[in-house]
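Encoded as structure tokens, the structure appears first; notes follow it.
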Amino acid sequence: MKHLLFALAAALILPPAAVAQGFPARPVRMVVPYPAGGTTDLMARALQEPMQKSLGQPVVVENKPGASGIIAAREVARAAPDGHTLLFINSGIVAVTPFVVKDAGFDGVRDFAPVALVSTAPLMVVVNPSVPATDLKGFLDHVKQQPNPVPFASAGTGSFGHLASELLARTAGLKMTHVPYKGQAPTTNAIVAGEVQMLITTASAAMNGFIANGKLRLLAVTSPEPSPLAPGAPTVASVLPGYAAETWFGFLTTAGTPADAVGKLNDAVNRALESPEMQKRFSGFGVLARTATPARVGAMIAEDVARWSAVVRENNIRAD
């Protein structure tokens, strides 16, 4: 018994870095802020098996949807800082939600430790074919000539597409009116029906189909560089230098987690994503598999917080 008590006491006084040498010591929870079956969930489950092999412990996917990701984010922010609880995010959860939702209950920078990048995806700038413009510059000129603000759609107030559209309007000096809908499908129907003139949104099978059959016109993508997900489409930045609105997905864990544990998690994610089969699989999800160091992910969060918090303030955006 004395030996057992001594061992327990020693474990309690060991610094976190020393304890982390045995990481992971139990199953790793991967908390997904969305229901099963969506893009984020599909990516998480694709990574589950290869990460288990690298870590030598089960990786358990837990779907915790609700409140724009807030429920899942709060849970991980308050978890033990030992690396055994991961939050699988899209960038908006940490860079947008705390600014548009009153009392979100977490800070996207202070409450989490960056772990790994998983994928990126551009947004697509599409217009109804009735708009007399065949390229982005032509559309911007068209909007400037209108006596009244031109309506644009988004999947909801404070959504990433809403902020990306407001950033486009500010950068180009346009007068536009926001028309929020409840989700991506209604926005797609609205732009096809001509209820609005512009929509900035992520790609979907339905969207790609409407572009292919001429019911929608793709003007540009919002990523800093041209995207293989939209071959031939120019970037918004080619017309408006410096513009970027690229969504990304990645893993965070609880702030204070030892660097050794974070490093092992980053290595497990990166190894899984390096597989050509995984990269092809992710392309089928409409995203590009990407890797980065924890430090780079932290820098990406800081850049996004600076960009999007300014857009939120300037437009007084608050979630419904």
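General observations
- Members of the stretch 272-319 found to be out of contact with any helix residue (DSSP H, G or I) (no Cβ under 7 Å at 6 or more places or on another chain), of a type in the set (Lys, Arg), assigned to a helix (DSSP H, G or I) and farther than 15 Å from residue 97 by Cα, listed by number: 280, 296
- For residue 180: the one exception among (1) in contact with a Gly (Cβ under 6 Å, 6 or more places away or on another chain); (2) closer than 30 Å to residue 254 by Cβ; (3) surrounded by fewer than 22 Cβ atoms within 10 Å (Cβ to Cβ); (4) not basic (Lys, Arg): (2)
- For residue 75, the stated conditions do not hold, so it cannot be described as surrounded by fewer than 16 Cβ atoms within 10 Å (Cβ to Cβ) and either of a type in the set (Asp, Glu) or within 17 Å of residue 115 (Cα to Cα) (or both).
- Filtered by the rule that a residue be of a type in the set (D, E, K, R) and either out of contact with any strand residue (DSSP E or B) (no Cβ under 9 Å at 6 or more places or on another chain) or without any contact (Cβ under 8 Å) to a residue 60 or more places away in the chain (or both), the stretch 69-123 gives 74, 75, 102, 103, 107, 110.
- Some residue of the stretch 122-129 being farther than 23 Å from residue 89 by Cα and not in a strand (DSSP E or B): yes
- The set of residues from the stretch 187-206 being buried (at least 20 other Cβ atoms within 10 Å of the Cβ) and in contact with a helix residue (DSSP H, G or I) (Cβ under 6 Å, 6 or more places away or on another chain) comprises 188, 196, 199, 200, 201.
Yes/no per residue for (1) surrounded by fewer than 19 Cβ atoms within 10 Å (Cβ to Cβ); (2) within 21 Å of residue 239 (Cβ to Cβ); (3) not basic (Lys, Arg):
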{"position": "139", "(1), (2), (3)": "no, yes, yes"}
{"position": "144", "(1), (2), (3)": "yes, yes, no"}
{"position": "160", "(1), (2), (3)": "no, yes, yes"}
{"position": "166", "(1), (2), (3)": "no, yes, yes"}
{"position": "185", "(1), (2), (3)": "yes, no, yes"}
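- The stretch 251-260, residues that are acidic (Asp, Glu) and either crowded, with 18+ Cβ neighbours inside 10 Å or assigned to a loop (DSSP other than H, G, I, E, B) (or both): none
- When 283, 309 are checked against the criterion of being under 25 Å from residue 207 (Cβ atoms) and hydroxyl-bearing (Ser, Thr, Tyr), 283 stands alone in meeting it.
- Qualifying residue in the stretch 83-102 (condition: crowded, with 20+ Cβ neighbours inside 10 Å, farther than 18 Å from residue 255 by Cβ and of a type in the set (Phe, Trp, Tyr)): yes
- For residue 107, the test of being outside any helix (DSSP H, G or I), more than 28 Å from residue 311 (Cβ to Cβ) and either among the acidic types (Asp, Glu) or within 21 Å of the chain's Cα centre (by Cα) (or both) is failed.
Bear in mind that the values in this text are calculations on the coordinates, not laboratory data. Being a predicted model, the structure only gives us computed values, none of them experimental. Please note: Cβ atoms are built from the backbone with ideal geometry, for glycine as well, and neighbour counts cover all protein chains shown.
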